[in-house]
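Below you'll find the structure, written out as structure tokens, and then a few comments.
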Amino acid sequence: MSERKIRAGRNLPAAIAVGLALGGLVLLTLLTVKATFLIVIAGILGVALWELAHALSARRIELPVIPVAVGGAAMLALAYWRGAAALAAALAVTFAVVLAWRLPGGQDGYLRDVTAGAFTLLYLPTLASFVALMLAQADGARRVLLFVTLTVCSDTGGYFAGILVGRHLMAPSISPKKTWEGLGGSVLLCLAAGALGMTLLLPGTAWGGLVLGAGAVTAATLGDLAESMIKRDLDTKDMSSVLPGHGGVLDRIDSLLLVAPVAWLLMTALL
């Protein structure tokens, strides 16, 4: 079955409206007082944490939400104002708190629950904190704007190429919506956006932009496939329905989370 048929039921007008609203919020914060973008990140992560905790509870896994939420907020703030070393320290301290938080619950399921807490710490606030590290730079607003643009290009290129020419499924057992033709569209759009973005938004080179685009599309594809596998393991189609036409917040940021550290690393090396 082609991607065109698979995606036919998507509420495209609602998806476009939500996408434009989120894009406007990103631009408003980044182009005014860039530190306010941290509030946007924190809000998004809070909803994603709630979605993941709800999904895990259906499998009798109790996620230590409070220490992950508080520690995650501290990680974001420290990454922005104090850098990578402070982020690493906050991650270690928060993990220790997760271990202690679960102790009163007894031995039954202790390892299961703290493992879920450790996974969530790495998957949500740690990966998102690389956005804060990018944002902290003098040209941080433009770095983050390019990072978001590349991730959106990966999703948009894959979506429209899949609809128009998608025929061959890439990983049907993981994500029945992805085709090799869609991946080709993602690659082409990301490479073009990377080359243009690195020369127009940042003092980089076109070849550096191609490297950045290639890294972004690889990470975005992996992020999407990994989150699809998580949902299959939890036996759920969408993490929630808070975003009309999109599903849950975690369904929308899965690619962004994996692209963030890749974009930070490549921009640090290339600029």
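Just so you know, all these numbers are worked out from the coordinates, no wet-lab data involved. Quick caveat: nothing in here was measured; it's all calculated off a predicted structure. Every residue, glycine as well, gets a Cβ built from its backbone with ideal geometry; the counts of neighbours run over all protein chains shown.
Summary table below
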read-out	value
Amide H contacts of Ala171 (H built 1.01 Å from N, under 5 Å, at least 5 apart or other chain)	Lys178
Under 13 Å from Lys231, Cα to Cα: aspartates and glutamates that are on another chain or at least 8 residues apart	Glu51, Asp251, Asp254
Segment 33-136: Rg to Rh, with Rh as the Kirkwood radius over Cα pairs	1.00
Positive-end extreme of charge dipole, segment 1-159 - chosen from Ile16, Leu45, Gln107 (charges on Cβ)	Ile16
Signed unit charges on C-beta, dipole axis of the chain, positive-most listed residue Ser129, Leu87, Leu258	Leu258
Exposure proxy order (Cβ contacts within 10 Å, fewest to most) of Val148, Val249, Val259	Val148, Val249, Val259
Relative contact order of segment 179-260, pairs being alpha-carbon contacts under 8 Å that are 6 or more residues apart, as %	24 percent
Total charge dipole magnitude, the chain, about the Cα centre, Cβ charges on Lys, Arg, Asp, Glu only, Debye to nearest 20	300 debye
Added length on full extension, which subtracts the Cα-Cα distance from 0.36 nm per residue, Trp207 to Val93	37.1 nm
Whole-Hz couplings from phi, Karplus 6.51/-1.76/1.60, listed for segment 125-133; x for Gly and Pro	x, 5, 4, 5, 5, 5, 5, 5, 5
Share of pairwise Cα separations in segment 194-242, more than 17 Å, in percent	53 percent
From phi via Karplus (6.51, -1.76, 1.60), per-residue ³J(HN,Hα) for segment 140-148 in Hz, x at Gly/Pro	x, 4, 6, 5, 5, 4, 5, 4, 5
Dimensions (Å) - the chain, Cα atoms, principal axes, largest first	54, 46, 29
Two-decimal log10 I(q)/I(0) for segment 157-271, as the Debye equation yields it once each C-alpha is a single scatterer, q = 0.13 Å⁻¹	-0.55
